[in-house]
Amino acid sequence: MSIDSREGIRSAARVVVKVGSSSISGANAGRIAPLVDAIAAAHARGCEVVLVSSGAIATGMPYLQLDARPTDLATQQAAASVGQNLLIFRYQDSLDRYDIVAGQVLLTAGDLENATPRSNARRAMDRLLDLRILPIVNENDTVATHEIRFGDNDRLAALVAQLLDADVLVLLSDVDALYTRPPQEPGAEPLVDVAYGDELEGFVFGSVGAAGVGTGGASTKVSAARLAAEGGTAVLVTSTALVDQALNGAPVGTFFAPAPADPAPADPAPADPMTALS
Ligand code: GLU
């Protein structure tokens, strides 16, 4: 199904929702519950939802007595190992209110680049969705190194949306929409609709998020949105606080139209009646 406007999001069959570390860890861990409320509402109307959640490293930090995101790889991997477990526990605890079961899916970039693990990942997630389980995806941070990382989870979410032929990708952050320049700067205007192929020339997208524990900013959202749109997935970029409105097709955020669906193959030309008769 091709979703050409944000109103269409409400009737999407398959949606990927991506949430960043700063929205659901530390002082914001309490925001998991309203996020789960919105996902459960979409799930209840029959929508297949996949959650791509960052936050493993940020959630693990206090358990390793770290005040700031570690800079060395081994400590990042250790923090992710501890934090991923707690993150899934917190999601499951919240999902229990709706009798929804979570399935953890940890992927490396290599898994999506190579045919066999790629089709294994697709088959497993299709089956989880058939079983009405909520797949919660993150990068497999404990084995990922700087050289082989996806880069950021916005990109991972776009690749998952492509893998699963999702109708919609919702990219959540601390900001309600993409702006023509960093939102704190004078003259910044929200971008409402982005037509497929619009290069967004002349706009300035920042590269860092607001709160310090995440890795993405507006520029990673734009790159991920383009990647998903090329694969035929509509994209909405908005804030975690507006996820319920976003999933209901309300007029929030920045909407990226997907690549037009390939036209159905034309019927073969009718046989020339004279030739047919001869
Ligand atoms: N996978 C990382 C984590 O869960 C975050 C990556 C990102 O935010 O882009 O901590």
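Please treat every number below as a calculation from the coordinates, not as lab data. Values in this document were obtained by computation on a predicted structure and should not be read as measured data. All Cβ positions, glycine included, derive from the backbone under ideal geometry; neighbour counts span all protein chains shown.
Miscellaneous remarks
- Selected residue (only one of L112, L169 is of a type in the set (A, V, I, L, M, F, W, C), within 16 Å of the ligand (Cβ to nearest atom) and assigned to a strand (DSSP E or B)): L169
- Residues in the stretch 65-86 that are within 20 Å of the chain's Cα centre (by Cα) and touching a residue at least 60 places away in the same chain (Cβ under 8 Å): A80 alone.
- Within the set D176, D193, D141, the sole residue that is within 16 Å of the ligand (Cβ to nearest atom) and in contact (Cβ under 8 Å) with a residue 60 or more places away in the chain turns out to be D141.
- Looking only at residues in the stretch 86-102 that are under 18 Å from G46 (Cα atoms) and not acidic (D, E), the one that is surrounded by the fewest Cβ atoms within 10 Å (Cβ to Cβ) is R97.
- Across the stretch 144-154, the qualifying residues are those that are assigned to a helix (DSSP H, G or I) and near the ligand (Cβ under 8 Å from one of its atoms), and the one among them that is surrounded by the most Cβ atoms within 10 Å (Cβ to Cβ) is D154.
- Per the listing A80, A68, the residue uniquely within 14 Å of the ligand (Cβ to nearest atom) and touching a Gly at 6+ places or on another chain (Cβ under 7 Å) is A80.
- On inspection, G197 qualifies as on the phi > 0 side of the Ramachandran plot and more than 15 Å from the chain's Cα centre (by Cα).
- In the stretch 25-59, the residues that are in contact with a strand residue (DSSP E or B) (Cβ under 7 Å, 6 or more places away or on another chain) and β-branched (V, I, T): I39, V49, V50, V52
- For first residues located in the stretch 45-60 and at negative phi, partners that are more than 8 Å from the ligand (Cβ to nearest atom) and among the hydroxyl-bearing types (S, T, Y) and lie 6+ apart or on another chain with Cβ distances below 6 Å form the pairs A58/S25; T59/S25.
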